[in-house]
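Q: Okay, here's the structure, questions in a sec.
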Amino acid sequence: MAQIAPPAPRGQTAPAPPAPARRAVRVPAAKLRKLGVPPVWRELLLIAIFYAAYMLTRMILVQDGTAPAFAHADQILAAERAMGIDVELGLNQMLLQVPWLARTANIFYATAHFAVTLGVVVWLYRRRPDDYRWARTGIMIATGVALLGFWLYPLAPPRFLHSEGFVDPVTALHSLGLYASDASGTLTNQYAAMPSMHAGWAMWCGFLLMRLAVRRWAKVLGLIYPATTVFVILSTANHYILDAVAGIALIGAAMGLSWLLYHRCPQALLDLRARTAATAVQAAGRIPLGRLTPGRSPVVRPPLVPAPLGRRRTGGNDSPVVGGATESGI
């Protein structure tokens with residue numbers, strides 16, 4: 001027979017049943033990693049500052065004199081000849097035999113490096129926001145490391161080695177190009193050839209298009225663009241084979257590192273990121289001060305509710321209530 005609880009005495013209310021214990025919900029790491037895209041104004045400012053620093057650093061990190069750069073060029077050519085991969089001179093001579101193709105290659109070298117990369121950045125931001133942060137961080141890491149290479153290993157490009165038979169198609173054909181004028185040549189470091197960021201940035205664009213694009217023509221473009229860029233930088237005598245290999249290897253390592261940081265981040269780093277975000281929000285006064293349990297959602301204390309002046313009946317006893325904020329347990 002079912003047991004019936006005895007009725008509560010007159011003037012007293014039956015105690016409320018205890019609330020079920022609430023289990024702390026652990027936020028999945030995948031949700032913590034999905035940060036979305038940052039504000040566009042901040043990204044434009046970041047890109048402008050980073051690119052300006054990149055160009056200024058290229059100009060500043062020019063060692064006094066060009067002797068080390070030409071000595072390194074001799075080392076690169078000797079290494080390539082020992083390995084049998086010194087194809088730059090043959091490509092350069094072949095390109096000069098087709099003037100219209102040489103002029104097109106000069107314009108491609110001067111414009112595509114910036115235009116295509118910026119186009120892929122905008123496409124990622126608008127169409128692939130979940131992949132934007134780690135891809136953007138990867139190319140920035142690679143470019144920052146490349147600056148060390150420009151500083152520690154200045155390298156004269158093949159177009160400066162006239163004794164080896166190389167010819168600069170820009171000057172030979174009087175065509176448009178990246179270094180067509182004396183002013184453009186003085187505003188950058190022409191001895192920053194190792195590693196080749198033309199090859200590195202092109203591989204970054206091609207990899208992302210082949211991996212993330214939906215349309216077949218975009219995937220084909222992602223395959224053709226890096227190959228075309230490598231052909232152009234070699235045939236126009238702006239880089240060596242080893243430059244291109246170093247640039248591609250650098251961008252691959254940086255992208256791998258960035259992907260691991262964003263997709264395989266240790267739990268301790270995720271907790272730190274969650275704590276930092278919660279602290280920033282609390283400091284802004286958007287939520288009351290609370291606790292953040294590592295690996296769990298923030299535990300926010302309920303806000304203080306103002307009570308009017310008067311008396312409140314609690315448990316049958318009269319207790320004064322001062323006009324102000326009250327909270328149970330205080």
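The values are calculated or read from the model by the stated rules, or taken from the named source; none is laboratory data. Fair warning: this is a prediction, and the values are worked out from it, not measured in the lab. Here the Cβ positions follow ideal geometry from the backbone for every residue, glycine too, while neighbour counts run over all protein chains shown. We work out accessible area using only protein heavy atoms, side chains counted, and drop any ligands, DNA or RNA first. Shrake-Rupley method; radii C 1.70, N 1.55, O 1.52, S 1.80 Å.
Q: Do any helices (runs of 4 or more DSSP H) lying entirely in the range 156-264 carry at least 2 residues that are open to solvent by 20 Å² or more (accessible area, probe 1.4 Å) and at pLDDT 90 or above, and which ones are they? Reasoning before the result, please.
A: Numbers: elements: 169-173, 182-186, 197-212, 216-235, 241-263.
Answer list for the range 156-264: 197-212, 216-235, 241-263.
Q: Can you name the residue in the range 111-134 that is among the small types (Gly, Ala, Ser) and touching a helix residue (DSSP H, G or I) at 6+ places or on another chain (Cβ under 9 Å) and, of all such residues, is surrounded by the most Cβ atoms within 10 Å (Cβ to Cβ)? Steps first, answer last, please.
A: Initially, the range 111-134 is screened for residues among the small types (Gly, Ala, Ser), giving 112, 115, 119.
Remaining after also requiring touching a helix residue (DSSP H, G or I) at 6+ places or on another chain (Cβ under 9 Å): 112, 119.
Details: 112: 19, 119: 12.
Filtering first and then ranking leaves 112.
Q: Moving to a separate point now. May I ask you to list the residues in the range 145-155 that are touching a residue at least 60 places away in the same chain (Cβ under 8 Å) and part of a helix (DSSP H, G or I)?
A: Narrowing the range 145-155 to residues touching a residue at least 60 places away in the same chain (Cβ under 8 Å): 145-147, 149-151, 153-155.
Those that are touching a residue at least 60 places away in the same chain (Cβ under 8 Å) and part of a helix (DSSP H, G or I): 145, 146, 147, 149, 150, 151.
Q: Just to verify a result, which residue in the range 82-110, among those that are on the phi < 0 side of the Ramachandran plot and part of a loop (DSSP other than H, G, I, E, B), is surrounded by the most Cβ atoms within 10 Å (Cβ to Cβ)?
A: That would be 86.
Q: For residue 199, state whether it is out of contact with any Leu (no Cβ under 6 Å at 6 or more places or on another chain) and among the small types (Gly, Ala, Ser). Reasoning before the result, please.
A: Working: out of contact with any Leu (no Cβ under 6 Å at 6 or more places or on another chain): yes; among the small types (Gly, Ala, Ser): yes.
Yes.
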